[in-house]
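Asker: Just dropping this structure here.
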Amino acid sequence: MDKMTVRDIDVAGKKVLVRVDFNVPLDENLRITDETRIQASLPTIQYLLENNAAIILMSHLGRPKGETNPKYSLAPVATRLQELLPYVPFKFATDCVGPQVREMASALEPGWVLLLENLRFHSEEEANNAEFAAQLAALADIYVNDAFGSAHRAHASTEGVASELPSVAGLLMERELNIMGSALEKPEHPFVAILGGAKVSDKMGVIGNLLGKVDTLIVGGGMANTFLKSIGVPVGQSLIEEDCVKDAESLLGKAELQNVRVMLPKDLIIASEFSADAEIKTVGIREMPEDISQAGWRILDIGPVTSAEYAEVIRQASTVVWNGPMGVFEMLPFAEGTLGVAQAVCDATQFGATTIVGGGDSVAAIEQMGLGDCVTHISTGGGASLEFLEGVTLPGVAALRDKEK
């Protein structure tokens, strides 16, 4: 990684403003249901504490649309963080800017932690307002960006602040960029990319960027329906993007020219309606009934033959990148395809492959299946990991200091 990290700068006795990603899911009682992102921030926090820094943490949570809303308060995160740092003096500010926050930051001692309230309670955050960024920067001496999940956003806390203070990457950011960067820039072959999820339009740029790097591209999920239609397979009432059918056909042609194997489903799980209680059939792609549309059938998962073929290729890979589930895994009858891929990725890791899972749904799937601990790296950034795979420059990364050559 060519960006400076927190290890490259003296933090002793300094106030350090850290952009973390505490955008965690909460239930109806405002209890945290998945604290992965909080846990992922701890190495940087611990490093700063060990090196005698005073830490000011800032994050967003949800989409409060620039207004204060208790539903999106970081108070539950503050409670959990205090439990995880029981011997650390800890304070929670009820805002992220203003006189009270300035006073709390000013009084902060080395070895103490201050968590600011949700940045997005102010519309200036997403607008990357220079004055708002300056107010945040005025709280500290050094800025650390450890929020890979927000690095693709040019917001006040990710880009604006970086122009006001000495700015470096945190340990999580460093890990994300190093592991994903190595996978794209110098992967060990065979390199297999698995792309699923609902929309092919979200992944067009990713596919285009990966075609020159991967040996095999595996396609599943709703996006596979668009590819199947491009080769003449009836898809019924299935999720499809009509305006992307030609693009899918074009990508298949480019893959062939670049000698990249594209694997599409050979059999499918179809259902009479979008329901776990629907009538279900397994059909080969050449056995799809012509009247599938009239009957209301839709594709909700890859079939067992496809799952087995995908798994065999994945297990033989040396580098695997997975983004997006193979079907509607939230419903048990349509989870088998995603489970098969998750298990194969896990097996590949045990055989020595570098395996990376990115994207909210695929991360949720592998965690739900209890296989999160057996992959090399689970990315904390959904949109950010997708844009990184696409080869897009992330504003939050670009704004950090370069290492001296």
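Asker: How large, in percent, is the carbon and sulfur part of the accessible surface of the chain at a probe radius of 1.4 Å?
Answerer: The C+S portion of the solvent-accessible surface of the chain is 46 percent.
Asker: Tally Lys/Arg at +1 and Asp/Glu at -1 over every other residue whose Cβ is under 14 Å from the Cβ of Lys266; what's the total?
Answerer: Neighbour charge sum, excluding Lys266 itself: -3.
Asker: If you don't mind, there's one more thing I want to ask. Quick one: ranking Lys213, Lys199 by accessible area, 1.4 Å probe, largest first, what do you get?
Answerer: In descending accessible area the options line up as Lys199, Lys213.
Asker: Find how many whole Å separate the alpha carbon centroid of region 1-58 from the alpha carbon centroid of region 199-247.
Answerer: A separation of 37 Å, based on Cα centres.
Asker: List the chymotrypsin sites (Phe, Trp or Tyr not before Pro) in region 43-150 that DSSP assigns to loop (not H, G, I, E or B) and whose Cβ has at most 15 other Cβ atoms within 10 Å. Which are they?
Answerer: Passing sites in region 43-150 are Tyr87.
Asker: How would region 228-350 be classified by its alpha-carbon gyration tensor: rounded, prolate or oblate, with rounded meaning a/c under 1.5 and the a/b versus b/c comparison settling the rest?
Answerer: oblate
Asker: With just the Cα atoms defining each centre, how far is region 154-196 from region 60-104? Give it in Å.
Answerer: Rounded to whole Å, the Cα centres lie 26 Å apart.
Asker: For region 64-135, what does the alpha-carbon gyration tensor say about shape, rounded, prolate or oblate, given a ≥ b ≥ c as the root eigenvalues, a/c under 1.5 as rounded, and a/b over b/c as prolate?
Answerer: Oblate, because a/c is 1.5 or more while a/b does not exceed b/c.
Asker: Using alpha carbon centroids, what distance separates region 375-405 and region 252-276, in Å?
Answerer: Comparing the Cα centres of region 375-405 and region 252-276, I get a distance of 28 Å.
Asker: So how much accessible area does Ser163 have, in Å² to the nearest 10, using a 1.4 Å probe?
Answerer: So the heavy atoms of Ser163 present about 100 Å² to solvent.
Asker: Tell me the net charge near Glu125. Cut-off is 13 Å between Cβ atoms, Glu125 excluded, with +1 for each Lys or Arg and -1 for each Asp or Glu.
Answerer: It works out to a net charge of -2.
Asker: Given the whole protein assembly as supplied and a 1.4 Å probe, what does the accessible area of Ser201 come to in Å², nearest 10?
Answerer: Rounded to the nearest 10, that gives 50 Å².
Asker: With N residues in region 294-405, what two-decimal value do you get for its Cα radius of gyration over 2.2 N^0.38 Å?
Answerer: 1.24
Asker: Further question on the same structure: Can you list the lysines whose alpha carbon is less than 22 Å from that of Lys281, not counting same-chain residues fewer than 8 positions off?
Answerer: Result set, ordered by chain and number: Lys229, Lys266.
Asker: Taking K and R as +1 and D and E as -1, what net charge do the other residues with C-beta under 15 Å from the C-beta of Gly340 add up to?
Answerer: That works out to -4.
Asker: Ignoring ligands, DNA and RNA, how do Thr94, Thr338 rank by accessible area with a 1.4 Å probe, largest first?
Answerer: Largest accessible area first, the list is Thr94, Thr338.
The values are calculated or read from the model by the stated rules, or taken from the named source; none is laboratory data. Everything numeric in this text was worked out from a predicted model, so none of it was measured. Ideal geometry is used to build each Cβ from the backbone, glycine not excepted, and the neighbour counts take in all protein chains shown. To get the accessible areas, we keep the full protein, side chains included, count just its heavy atoms, and leave off ligands, DNA and RNA. Shrake-Rupley method; radii C 1.70, N 1.55, O 1.52, S 1.80 Å.
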